[in-house]
Amino acid sequence: MTGADIDLILPELILAVGSMALLMFGTYGGGDSRAGLINGLMAALMAGLAAMIAFDTGSGRAFEGAFVSDDFSRFAKVLMLLSAAAILILAQDYLAKRRLMKFEFPVLIGLAVLGMMVMVSAGDLISLYMGLELQSLALYVVAAFRRDSLKSTEAGLKYFVLGALSSGLLLYGASLVYGYTGSTNFERIAAVVAAEEVSLGLLFGIAFLAAGLAFKISAAPFHMWTPDVYEGSPTPVTAFFASAPKVAAGALFARVMYDAFGEAVSDWRQIVVFIAIASMFWGSVAAIGQKDIKRLMAYSSIGHMGFALVGLAAGTVQGAEALMTYLAIYVVMNLGMFAFILSMERGGRPVTQVEDLAGLGKTHPGQAMALAALLFSLAGIPPLAGFFAKYFVFVAAVEAGLAPLAVAGAIASVIGAFYYLRIIKMMYFDETEESLDGRLLTPHRIALGGAALAMSVGWLPFVDGFGLIEASRAAAEALVR
């Protein structure tokens, strides 16, 4: 390990050492009585690391190419760290009220984010797997964090069993890729692919890799864990699942396909197109009958990951730019939505049924207006940012000669708009005998209002998505060389 290697992995080292230090502090410094403090310290550490990475301009490869630091990985890391920090802040009151505020929770979130940071910087199949498993092991535990709940235990067990299956698929694909290229390093794999035709065995390896990665991004037909895990996990954990891990899996998917198989776009594109179409339509259709808002958000995430993968299927710089822009906008929409879902209470007790939102427009008009803006954006209604997120991936697909895929996406978007608009109709036109309490803490109010405002004005040309488009373009250009 050289000094240059340490410089490149410094943010990961700081997060690893910080997580271990907070774990020791919790173990020997008061236990759960200091959980709130540890939670705040972890959120501050993540926010500080995000600022540190955002202002870093150095690029390079460490450990003989196994770890890559560039604009692409930095973009994803900043997004993951900020979303995880926001979730920790939003979760604190919820966990404390339900006696779930354990000091291990923020430490597990920190270790999961550490795994994600390694994932998006992976330049080798081995480092990819190490990051993936570090993330997964932490997420298995937080999914079952409410130990006295049958649903939470079931969620953790299902995620663990199906996660082990997906890891097996990914490892089998990696072994095939290694067998047919003679290397696990992305650069060397790319050199072999460029020099030779893609053999049938290597194509099978790519397919199994894509299947394992599709599971992590909860894309159909590898989505089966998502609704049950979203519903059964504690709501802060569901909010986390819907944000940072989606960015990590989407960025990793792009990293593998572009870095290792960039010269074989025509071979892996058909796999990604199939996954994208299946996800868009299944997420749009299956969500229609959902009555629990957490399950509805699970199917929503499946559909939205399908739309994001349309950008990846393009296989171009424009497609990678659209993918990262989509993931950023999706995370902001979800943070706003879950800021409200975390606060959904009636008589001081948490509720998660969609019908509980009935009459919200009359009893709490400000909250209803912000929630409606986010729902319109999720549905892709112009001129909100969610519309432009879909527009960018569709344009990238058309420019890459995939006009039928863009048309399929537009049809799926229209179908999916139904269940978002149904919630808005409930809020403004349905009557209820007992309304929600409507108690929003300051962090929740800021997250809900800020996300709604960002979706409403962030797309304006003179704002340039708060610099999002420019940052996404720089990230894409660093990836697609």
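What to note about this one:
- When we screen L252, L213 for residues that are crowded, with 24+ Cβ neighbours inside 10 Å, touching a strand residue (DSSP E or B) at 6+ places or on another chain (Cβ under 9 Å) and part of a helix (DSSP H, G or I), the only hit is L252.
- The residues of region 1-29 that are in a helix (DSSP H, G or I), in contact (Cβ under 8 Å) with a residue 60 or more places away in the chain and either under 24 Å from the mean Cα position of the chain (by Cα) or within 22 Å of V68 (Cβ to Cβ) (or both), listed by number, are D5, L8, P11, E12, L15, A16, G18, S19.
- Flag for V192 being at pLDDT 90 or above and either touching a strand residue (DSSP E or B) at 6+ places or on another chain (Cβ under 6 Å) or of a type outside the set (D, E, K, R) (or both): yes
- Given (1) of a type in the set (S, T, N, Q); (2) within 18 Å of L309 (Cβ to Cβ); (3) assigned to a helix (DSSP H, G or I), index of the condition S218 fails: (3)
- Looking across region 396-409, the residues that are under 20 Å from E321 (Cβ atoms) and free of Cβ contacts under 8 Å to residues at least 40 places away in the same chain come down to V398, G401, A403.
- Taken together, the residues in region 341-362 that are in a loop (DSSP other than H, G, I, E, B) and farther than 21 Å from D93 by Cα amount to 2.
- Selected residue [β-branched (V, I, T), modelled with pLDDT under 90 and surrounded by 18 or more Cβ atoms within 10 Å (Cβ to Cβ)] from V177, V198, V142: V198
- Pairs linking a residue in region 76-92 that is among the aromatic types (F, W, Y) and at pLDDT below 95 to a residue that is crowded, with 22+ Cβ neighbours inside 10 Å and not in a helix (DSSP H, G or I), with Cβ atoms under 8 Å and 6 or more positions apart or on different chains, do not occur.
- The sole residue among L342, L378 that is crowded, with 16+ Cβ neighbours inside 10 Å and more than 22 Å from A249 (Cα to Cα) is L342.
- Restricting attention to region 381-408 and to residues that are within 16 Å of G283 (Cβ to Cβ) and under 20 Å from the mean Cα position of the chain (by Cα), the residue that is surrounded by the fewest Cβ atoms within 10 Å (Cβ to Cβ) turns out to be K390.
- Region 101-121, subset farther than 22 Å from R34 by Cα and either of a type in the set (S, T, N, Q) or crowded, with 24+ Cβ neighbours inside 10 Å (or both), residue nearest to the chain's Cα centre (by Cα): M116
- For region 145-163, filtered to residues that are among the polar types (S, T, N, Q) and assigned to a helix (DSSP H, G or I), the residue that is surrounded by the fewest Cβ atoms within 10 Å (Cβ to Cβ) is T153.
A quick yes/no check of all residues on (1) in contact (Cβ under 8 Å) with a residue 24 or more places away in the chain; (2) closer than 24 Å to A278 by Cβ:
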residue: P350; (1), (2): yes, no
residue: P365; (1), (2): no, no
residue: A372; (1), (2): yes, no
residue: Y391; (1), (2): no, yes
residue: I423; (1), (2): yes, no
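- Applying the criterion of being of a type in the set (G, A, S) and over 13 Å from P236 (Cβ atoms) to the residues of region 339-365, the residue that is modelled with the lowest pLDDT is G348.
- For region 30-68, a residue qualifies if it is surrounded by fewer than 24 Cβ atoms within 10 Å (Cβ to Cβ), modelled with pLDDT of 90 or more and not in a helix (DSSP H, G or I), and exactly one does: F67.
- Of the listed requirements (1) part of a helix (DSSP H, G or I); (2) charged (D, E, K, R); (3) under 16 Å from L8 (Cα atoms); (4) more than 19 Å from the chain's Cα centre (by Cα), K77 misses just one: (4).
- Pairs linking a residue in region 232-255 that is over 16 Å from L81 (Cα atoms) and in contact (Cβ under 8 Å) with a residue 12 or more places away in the chain to a residue that is among the acidic types (D, E) and part of a helix (DSSP H, G or I), with Cβ atoms under 8 Å and 6 or more positions apart or on different chains, are G232/E154; T238/E231.
- Qualifying positions in region 40-70 - under 21 Å from the mean Cα position of the chain (by Cα) and within 22 Å of V237 (Cβ to Cβ): M42, A43, A44, L45, M46, A47, L49, A50
Each row is one residue, and each column tells you yes or no for (1) within 30 Å of G450 (Cβ to Cβ); (2) in contact with a Pro (Cβ under 9 Å, 6 or more places away or on another chain).
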| position | (1), (2) |
| --- | --- |
| F75 | yes, no |
| L95 | yes, yes |
| L111 | yes, no |
| G115 | yes, no |
| L125 | no, no |
| M130 | no, no |
| E154 | no, no |
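- Extreme residue, farthest from G212 (Cα to Cα), among residues of region 227-236 that are in contact with a Lys or Arg (Cβ under 9 Å, 6 or more places away or on another chain) and part of a helix (DSSP H, G or I): T235
- Residue in region 442-458 that is closer than 19 Å to D356 by Cα, surrounded by 15 or more Cβ atoms within 10 Å (Cβ to Cβ) and modelled with pLDDT under 90 present: no
The values are calculated or read from the model by the stated rules, or taken from the named source; none is laboratory data. What you are looking at is a predicted structure, and each value in this text was computed from that prediction instead of being measured. Virtual Cβ from ideal backbone geometry, glycine too; neighbours counted across all protein chains shown.
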